[in-house]
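Written out below as structure tokens is the structure these notes cover.
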Amino acid sequence: MESLASAPTFCEPLDDDGLSEPTFLDRLFDQGLLVRTGVDGLYGRSGAFESVVEALDRLIGRLGAADNAEVLRFPPGMSRPAFERSGYLKGFPNLAGTVHSFCGHEGEHAKLLACVEAGEDWTAGQKATDIVLTPAACYPLYPVAAARGALPAEGRLFDLQSYCFRREPSLEPTRMQLFRMREYVRMGSPDQVLAFRESWLERGTQMIRDLALPLAIDAANDPFFGRAGRMLANNQRAQGLKFELNVPVNSVEKPTACLSFNYHQDHFGTTWGLTQADGSVAHTACVGFGLERITLALLRHHGLDLAAWPEAVRRVLWG
Amino acid sequence: MVSPEAIRNILARNEALAPIAGEISEDENLFDKGLDSFGSVQLMLALEEHFDVEFPDHLLSRKSFSTIRSIRETVSSLVQAEAA
Ligand SMILES: [Zn+2]
């Protein structure tokens, strides 16, 4: 992981050399916008921070309102069998978070307490439950959609938002372990889902422009694990399956993906037996909005005092 | 030179290609025949094990594994490089 100390600076004379000046993360803590928990990437949020997240959530809802997406909300945990079937472990075993629980009897309880008391590992007896932390907002959706039977001729469109978990502890505030992702998910024919992705590439770009943030759209790949993952990543790029809308937050050289536009082809359709009206395998695509990441981009570029943000930006967010 | 049969035998281990592995011509696109991304990764690993080679990063692409001919050429070049 690149250290913040070497991160180049921009947009204000902020010298993150780690000696004389506090980092962006430190300033977020100092200002009370984020709250330390002792775990990198796991933070509390202040009312001010949340007011931006909520405004963005509403803004994204307004941008998509005309499409009449079906709103669904899932908790940040999903069924373990569904998670296993999704194939997530093939690509990202290192990022997954499983929920474990104490399943023993009284004798084991006493042993557990003794371990805690002695500062020893008390987790050895914890058993995996049937819940896994949601890795992306759309993962719990596919089995639910497939259970309804074949798609109607016009396909389907869903509106999701969830806390998601990825185990990648980092000092970059934009790389949280638990964060919220708003998503629109389209299911249908290849033409339908690609048209959807195209429309959100446009809308998303306009949205970030309206928020007066610098941006670039780039071909991207998911962070697949290992050597096999390198091949998956190369394929994903070569086929133009994933694009990201990047905004410099921590550095100019390594900008932060704030929106992502993903074409899964028939991956989830095949995995879940999701079919189009004519019986052929459904294709899917999703657009994801990293709500904390966009919030952090706004704080980085417009300052930590929301009241001092440009009037035009405040109008977009709060009317 | 690596024979097409050796490649077909390995393709036959893939679920989607197993029933047709014997009939696929050297230039037919395996992805059109039902090979998917994860299948291509498994194919890559199986080829590495069978021929005792390691694909360098720049060959870890869809293109390298798209036809029996391209697989033969890629694997042959790696086997020769090992032998040299
Ligand atoms: Zn998604």
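Normalised by the residues of chain A, what does the relative contact order come to in percent, with Cα pairs under 8 Å and at least six apart?
20
Projecting each Cα onto the charge dipole of region A:75-146 (Lys/Arg +1, Asp/Glu -1 at the beta carbon, about the Cα centre), which of A:Gly87, A:Leu112, A:Val132 comes out farthest on the positive side?
Result: A:Gly87, furthest along the dipole toward the positive end.
Each residue of region A:305-319 in order: what ³J(HN,Hα) in whole Hz does its phi give by Karplus 6.51 cos²θ - 1.76 cosθ + 1.60, θ = phi - 60°, with x for Gly and Pro?
So the J values, rounded to whole Hz, are 9, 4, 5, 9, 5, x, 4, 5, 5, 4, 5, 4, 7, 10, x.
Take every residue in peptide B:28-37, count the Cβ atoms of other chains within 10 Å of its Cβ, and give the average of those counts. Before the final figure, lay out the partial values.
Details: counts 0, 0, 0, 2, 0, 0, 0, 0, 5, 13.
Counting other chains' Cβ atoms within 10 Å and averaging over B:28-37 gives 2.
Say we join alpha carbon atoms closer than 10 Å with springs in a Gaussian network model of chain A; which of A:Asp278, A:Asp121, A:Asp191 then has the biggest fluctuation?
In the Gaussian network model the winner is A:Asp121.
How do B:Ile20, A:Ile60 rank when sorted from fewest to most other Cβ atoms within 10 Å of their own Cβ? List each step's numbers first, then the result.
On the way: B:Ile20 14, A:Ile60 23.
Final ranking by Cβ density, sparse to dense: B:Ile20, A:Ile60.
Under 13 Å from the Cβ of B:Ser37, count the other residues' Cβ atoms, weight Lys and Arg +1, Asp and Glu -1, and hand me the total.
Net charge in that neighbourhood comes out at +2.
Once you place label points 7 Å from the Cα toward the Cβ at A:Ser79 and A:Ala212, how far apart are they in nm?
4.8
Pairs of alpha-carbon atoms within less than 8 angstrom and 6+ residues apart define the contacts here; what relative contact order does chain B have, in percent? Let's see the in-between values first.
Working: 75 pairs, mean separation 31.6, N = 84.
Once divided by the residue count of chain B, the mean separation gives 38 percent.
Collect residues whose amide H, placed 1.01 Å from N in the peptide plane, falls under 5 Å from the amide H of A:Ser170; neighbours closer than 5 in sequence don't count.
The list, which skips near neighbours in sequence, is A:Gly41.
In sequence order, what are the phi-derived ³J(HN,Hα) couplings for region A:252-260 according to the Karplus relation 6.51 cos²θ - 1.76 cosθ + 1.60 with θ = phi - 60°, rounded to whole Hz, with x for glycine and proline?
6, 5, 10, x, 9, 6, 9, 10, 9
Using a Förster radius of 51 Å, what is the FRET efficiency between A:Trp122 and A:Asp266 based on their Cβ-Cβ separation? Nearest 0.05, please.
0.70
For region B:4-83, what is the charge dipole size about the Cα centre, in debye to the nearest 20, if Lys and Arg each add +1 at the Cβ and Asp and Glu each add -1 at the Cβ? Could the numbers behind the result be given before it?
Working: 7 positive and 15 negative charges, 31 e Å.
The calculation lands at about 160 debye.
Quote the FRET efficiency, to the nearest 0.05, computed for A:Asp191 versus A:Cys115 with a Förster distance R0 of 56 Å and r equal to the Cβ-Cβ distance. Walk me through the intermediate numbers first.
On the way: r = 58 Å, r/R0 = 1.04.
It comes out at approximately 0.45.
Compute the signed sum of charges (Lys and Arg +1, Asp and Glu -1) over the other residues within less than 10 Å, Cβ to Cβ, of B:Glu23. Display every interim value, and only then the final one.
On the way: positive: B:Arg8, B:Lys33; negative: B:Glu28.
Counting the neighbours of B:Glu23, the net charge comes to +1.
FYI, it's all coordinate maths here, none of it is from the lab. Everything quoted here is computed from the prediction, not taken from an experiment. Neighbour counts are summed over all protein chains in view; Cβ atoms, including those assigned to glycine, are modelled from backbone coordinates with ideal geometry.
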